[in-house]
Structures are given as C-alpha cells and as structure tokens.
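Working notes for the structure below.
The values are calculated or read from the model by the stated rules, or taken from the named source; none is laboratory data. All values derive from a computational prediction rather than experimental measurement. Here the Cβ positions follow ideal geometry from the backbone for every residue, glycine too, while neighbour counts run over all protein chains shown.
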Amino acid sequence: MEPAGAYGAGKAGSAAFDPVAFFTHPRTILRLLSWVFSMVVFSCIVNEGYINIGSERLLCVFNNNADACNYGVTVGVACFLGSICFLILDIYFPTISSVRDRRRAVLLDLVFSGTNTNINTHTQTSTRGSYPGHLPPCP
C-alpha cells in the first residue's frame, strides 16, 4: 500500500483526466444536481415569484415583500455560481500537488457547503406560510 499523503497529495498529477470516471463519481453527480436545483430555485422565483394586481408595480408572492424574492434569487444565483466553481475545482483537484492548497480547497468546499445549507434552511423556514395559497398547519 502506497502512502497517499495528506488529502491525496501523493497521487497528484499521476493520471490523465478521465471524463467517464469523473462524471460517474458521486461527488460530481451531486454537484451537477446542486447546479440544476439552484437553477430551479432562482428561475422559479424570477418567472413566477411576482404578481401584477391591476398596477404596473410587480408584487412578490411572499407577503408582497420584494426583499423576500430578492433574497431567494440571490441565494439561487450564489448556489449556481458556487456549484460551477466547485465543479471546476473538482476537475483541477487531482493536479494540485501542494498539501496546503488541497487543504484550502477542501476547507473552502466545507465552509461553502455548510453556509449554503444554513442559508437554504433559513430561506425555507422564513418563507413557509407566506404564500397566499398556503394552508395553516394542522393542529
């Protein structure tokens, strides 16, 4: 068994890029799913998140609060861009030979994912019940 080094740095640059192995890796599949779902989030809010009730001013469906729609679009775009950046980082990660750079990449991914999870959880709990057609919770 060969010593792999920290974060796999011992194997850095040892093999050519294999697209089939890359796109069948579970991490890549989850990143692509995250990318698709982030597009769904901000595209749904942009396309169907505003209503026009007899005036030229558009109202957000979340309590008629434009900040709620802006927040959802911002979170969706940030997740979209983050998914693309980390997908690109996953492509280049095997060629990074510095242990320090590999550790920074892993920690950046960890911090971004944790922050993203907290923000999305906050978004779901803060907009729950604010849609006009939403029924009150059962007792």
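Taking V61 as meeting all but one of (1) touching a strand residue (DSSP E or B) at 6+ places or on another chain (Cβ under 8 Å); (2) modelled with pLDDT under 80, write down the number of the exception.
All conditions are met except number (2).
List every residue pair whose Cβ atoms sit under 7 Å apart, with the two residues 6 or more apart in sequence or on different chains, where the first one lies in region 89-117 and is farther than 15 Å from T28 by Cα and the second, anywhere, is among the β-branched types (V, I, T) and surrounded by 13 or more Cβ atoms within 10 Å (Cβ to Cβ).
R102/I96; A105/I96
Considering L81, L107, L87, which residue is at pLDDT 90 or above and surrounded by 15 or more Cβ atoms within 10 Å (Cβ to Cβ)? Spell out how you get there, then give the answer.
Working: L81 fails: surrounded by 15 or more Cβ atoms within 10 Å (Cβ to Cβ); L107 fails: surrounded by 15 or more Cβ atoms within 10 Å (Cβ to Cβ).
Just a single option satisfies the conditions, and that option is L87.
Just one of F42, F80, F62 is under 18 Å from N120 (Cα atoms), assigned to a helix (DSSP H, G or I) and touching a residue at least 40 places away in the same chain (Cβ under 8 Å); which is it?
Details: F42 fails: touching a residue at least 40 places away in the same chain (Cβ under 8 Å); F62 fails: assigned to a helix (DSSP H, G or I).
F80 is the lone residue from the list that is under 18 Å from N120 (Cα atoms), assigned to a helix (DSSP H, G or I) and touching a residue at least 40 places away in the same chain (Cβ under 8 Å).
Would you confirm whether any residue within region 40-49 is surrounded by 10 or more Cβ atoms within 10 Å (Cβ to Cβ), at pLDDT 75 or above, of a type in the set (S, T, N, Q) and under 19 Å from F112 (Cβ atoms)? Show your work before the answer.
In the first step, residues of region 40-49 are kept if they are surrounded by 10 or more Cβ atoms within 10 Å (Cβ to Cβ); the result is 40-46, 49.
With the extra rule that they be at pLDDT 75 or above, the set shrinks to 40-46, 49.
Still in the list and also of a type in the set (S, T, N, Q): 43.
Of the ones still in play, those that are also under 19 Å from F112 (Cβ atoms) are none.
No, region 40-49 contains no residue that is surrounded by 10 or more Cβ atoms within 10 Å (Cβ to Cβ), at pLDDT 75 or above, of a type in the set (S, T, N, Q) and under 19 Å from F112 (Cβ atoms).
For region 66-94, name all the residues that are aromatic (F, W, Y) and over 8 Å from the mean Cα position of the chain (by Cα). Reasoning before the result, please.
Taking region 66-94 as the starting set, the residues that turn out to be aromatic (F, W, Y) are 71, 80, 86, 92-93.
Within region 66-94, Y71, F86, Y92, F93 qualify.
Given the conditions (1) at pLDDT 85 or above; (2) surrounded by 13 or more Cβ atoms within 10 Å (Cβ to Cβ); (3) closer than 30 Å to N47 by Cα, which single one is not true for R102?
Single failed check for R102: (3).
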